[in-house]
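What follows is a single structure, written as C-alpha cells, with notes after it.
The values are calculated or read from the model by the stated rules, or taken from the named source; none is laboratory data. Everything quoted here is computed from the prediction, not taken from an experiment. Reconstructed Cβ throughout: ideal geometry from the backbone, glycine too, with neighbour counts over all protein chains shown.
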Amino acid sequence: MFLFLQRLINKKPTKKQKIEAVYKKWRFFMYRVAYDVLKNHAMAEDAVQETILRLIDNIDKIDDIASRRTRNYIGVICRHIAYDMKYRKVSIGSDAEYDSLASEALSRDALSVVIDNENVERIKEYIKSLNYIYQEVLFLYAGEGMSVGEIAQLLGISTKTVQKRLERARIKIRQKLAEEATDNE
Amino acid sequence: MSDNNKNTDTVLDAVIDSLAGEAADELFDAYEQGAEPEFTDEHNKKMEKIISHAFKVHFNKRMLLVAVIAMVLALGAAFSVTARRDKFGDFYIINGQRGTTFRLSETIPTEGESAEVNRCHFFLGYIPEGYESNDNLETKYRCYDHYVNEAGDKEFTVTKALITDTSEIPTKGEGIEMMDINGNEVFKSQNNGVTSLKYTYQNILISIEGNIDETELINIAENMK
C-alpha cells in the first residue's frame, strides 16, 4: 500500500506533460534564439512551433527539463530551424568553402600552439564565431554527447554530412589557432 | 602532415570538443534574459493544439480505410470454407479444437449405399508374426478386427466405417503426415504411442491403428485388399 502510494506520488510525468513543461519553461528562450536569426516576430513564432514539433519526436532525449544541457539542446534545434527558415534550406557558408581546408596541411611547429587559459578562451570564441552549420554539430556531438546518427536524424541531414561538418569545424578552429601562433612569432 | 602535427591536431580536437559545451553555455546564456515577447493568439492556439495532439496516434483516413478493407479481406479469407479445409480424398480435414476431424465433403451416403460396410470383409495380405485376431465387430455402419501379440502388450485394429457427418481422429496435431500407400492418400497421425493410418475408399473410412511399429503398420496397409 505504502509502495503504491509512493509510486503514485513519484509518478513520472507523461510525455505530454513533459513537452508542455518544456514549452512553458523555454518558450521565451526559443523565441529569442529564433528572433535573433529571423528578425521577424511571426517567423520566430513559427520557429518556436517547429521546434516543439521536433522536440515531440525527441522527447526521450530530455531528462532534466530545467537543465542548461536541455536549454542548449533546444537552442541548437531552434536555431537550426530558424536558419532553415531564413535560408529556405539553402545552406549558407557552403561546405565547399572549407573543402580546401580539409586537404590543406597546416604547416606549423607542433609546439607553437600552447593550450593556456588565454587559448582556452580564444577557442571558445572561435567556436562561438563558427558558422551555425558547424557549430550545431559540434555542440550536439561534443556538448550534448549525441552520436553522429542521432544528430543526423535530429537535423535531417546525412551522417556523412555530420561527420564532414564536425571535421571542418575542428579544422577551422585549428587553422585560426595556427594562424594566430604564426602572427605572434 | 608530420606525426607531430597529427598529434597536435588530436590534442586540439579533444580540447575543442571539451570546450564545445562551455561555448554553447556562453552562447545561449545570452538568450535567457530579456524582455518577454508577447505571443499572438494565433500562436497560442496553435501551440495548444500541437501539445494536445502530441503523442496521440493519428490515423490518416485513407490509411484507416485501407486497413479496414485489409482486415475484412483477411477475416474473410480466414473464415472462408476453402481456407479452413484441406482436401483429403473425398473428404476435407477441418482443424478443430478437440482434434482433427474428417468431414464428408459431398453428400452423406444413404443407408442403401452403406451396404458395402455391411459386407465387412478384410483381407490382410500381411499380418505381423505372432499376432492373432482376438476380437471383431460388425454393425451396419462399422466393422473392425482387433489383433494382439502373444504377450498381449502390442495390438492393432483394422476398421472400416461408413462416414457419417464427421469422423474425428483423436489427435491434436501430433506427428501428422500425409503419405501415399498404393496410390491412396493416407493420413498418418500419432498419439500416445499409437500410430494411426486413415484413408478413404468410396465413402468408407479405413483405419489401421495400433501401438506396433510404424513400418509394420504401413506394411499391413500396403498389403490390404
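When A:Lys86 is tested against the conditions (1) more than 8 Å from chain B (Cβ to nearest Cβ); (2) free of Cβ contacts under 8 Å to residues at least 12 places away in the same chain, the lone failure is (2).
Just one of (1) more than 7 Å from every other protein chain (Cβ to nearest Cβ); (2) assigned to a loop (DSSP other than H, G, I, E, B) fails for B:Glu36. It is (1). Within the range B:1-31, being at pLDDT below 90, part of a loop (DSSP other than H, G, I, E, B) and facing chain A (nearest Cβ under 7 Å) holds for one residue alone: B:Met1.
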